[in-house]
Every structure is written in C-alpha cells, then in structure tokens.
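Heads up, the thing below is written out as structure tokens.
The values are calculated or read from the model by the stated rules, or taken from the named source; none is laboratory data. A quick note: this is a predicted structure, and the numbers were derived from the prediction, not measured. Glycine gets a Cβ as well: all are built from the backbone with ideal geometry, and neighbour counts include every protein chain shown. Only protein heavy atoms, including side chains, enter the accessible area calculation; ligands, DNA and RNA are left aside. Shrake-Rupley method; radii C 1.70, N 1.55, O 1.52, S 1.80 Å.
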Amino acid sequence: MKETKGQQKRNWLWAAAIMALLVFLLLFLWRTDFFSSVRSLEDMRAYIRQFSPFSYGIFFLVQLASVILAPIPSNATSLAGAALFGTLPAFLLTYGAVFVGSVAVFRLVRSLGRPFVERFVQRESMEKYMALIERKQDAFFAVAFLLPGFPDDILCFLAGLTDMPFRRFALMVLLFRPWGLLVSCAVGGSALQLPLWALLALCAAGVGVFLAAMKFGDRWEEALLRRLKNRKKK
C-alpha cells in the first residue's frame, strides 16, 4: 500500500525524533564510559549504581539503548538491574524500555528502509531470518519473541522490512517479548535459581517448540480459523 504525503511526513518526523534520541543515548553512554562496563555483570552493576539516586532512570535508558543499539545485550543488563533493584522493579523498567525501543526501531526502519537496517544487522543474519519471516511472519515473531536464544532486538529491525501493520507488531511485542525478560530478571534477582541441566532442558524444549511452530504453524492457524468460523455459524 502506497503511503500518502501526510503519512510520509509523519514517518519522517518520527524518524527525526528517534534519531535525535539515539544520538543522545550514544553520546551519554560514551561520555559516561558505559561501553567498558559491559565486560562483566559486576562492572555493569557498578556503572548503574554510580548514578544513585537516579539509578532507575539510567537503567531504563540503558535498556532502551540495548534495543536500538543491537550489540548491547539486553538480557545481560537485565541481570545486572535485577541484582540491584530486585526482580519486579527491574522487569517493569526493562519491559517498558524494550517496548519503547522495539516500536522505535520499527518506526525507524519503516522510514529509512533496508540501508538503515544494514548498518546494524549483518547481511548473514538478514538472509538467515528473512526467509523464515517472509513465509511464516506472525508465527515466527510470536515464537521467536517468546523463547530465549533468539536475537529479539535484531528481529525488531527485520520486522520493519515486512508489511506487518504497526499496531500488530506493537501488540506482539507487548504479548510475547516480556517472558524472556522476566526470566532474566528473576535469575538476576535470585528469585529463580535453576541448575545447569534445567537450563539446558528449557533451551532444548524451546528449540523443539520453535521447530514445531515453523513446521506446523500454518496447519494450526488454519485449524484455529476453522473453529472460529464454525462457532460464528452456530
């Protein structure tokens, strides 16, 4: 669907505002020596703690930057934040920042296109995931956001290259992205302690669910639609 001039203008205004925020975040993190703190969780905790009593706000900015600047590991920063603030505060801050960052990235890609994505995402990753995205768009994003181990931040960039409506993308982020973040915050806040074998079992189960969804997702979707249609007829 071709965009109207009004839509194009709004998209460029969104892009300009988000790019200004991105420049601010980059300068702030660089001037405060954040990038040297990602070497360990202890260094990251010390970085966030130094801004007390504004540590909560700084943690939110760090989590926001972790989505827009894909190389920053949001799960690792979640662990550090949960160790400082506890599971629930860290999760709520992370959830809010990840949602804002995800929709901001989506808006940027819609305005700036594939050349912008190629500055942040390696071509190999794009080719690897775009084939799946084009075939099983909604099912892929739902499962990939839900399960740990997938590059969620990179997938937000790639979602902007699809024809997915903005509201549907935002809803998928709200529904499916928080659960992996909750696990990271629970581990960091010591609310959840799992042995190595349990973590490996969860990862294996996640991979199994993902493969099943990719293979049978179309059939499940068709069956669900048939059931809904039958209920309406009754």
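Of these, Leu21, Leu26, Leu13, which one is open to solvent by 90 Å² or more (accessible area, probe 1.4 Å) and on the phi < 0 side of the Ramachandran plot?
Leu13
Mind checking which pairs have a first residue in the stretch 133-147 that is under 10 Å from Met172 (Cα atoms) and part of a helix (DSSP H, G or I) and a second that is modelled with pLDDT of 80 or more and open to solvent by 30 Å² or more (accessible area, probe 1.4 Å), Cβ under 7 Å, 6 or more apart or different chains?
Taking only residues 6 or more apart or on different chains, the pairs are Ala142/Phe176; Phe145/Phe176; Leu146/Phe176; Leu146/Trp179.
Look through the stretch 101-132, keep the residues that are free of Cβ contacts under 8 Å to residues at least 24 places away in the same chain and closer than 18 Å to Leu25 by Cβ, and return whichever of them is least open to solvent (accessible area, probe 1.4 Å).
Phe116
Tally up the residues in the stretch 148-200 that are modelled with pLDDT under 80 and either in a loop (DSSP other than H, G, I, E, B) or acidic (Asp, Glu) (or both), please.
11
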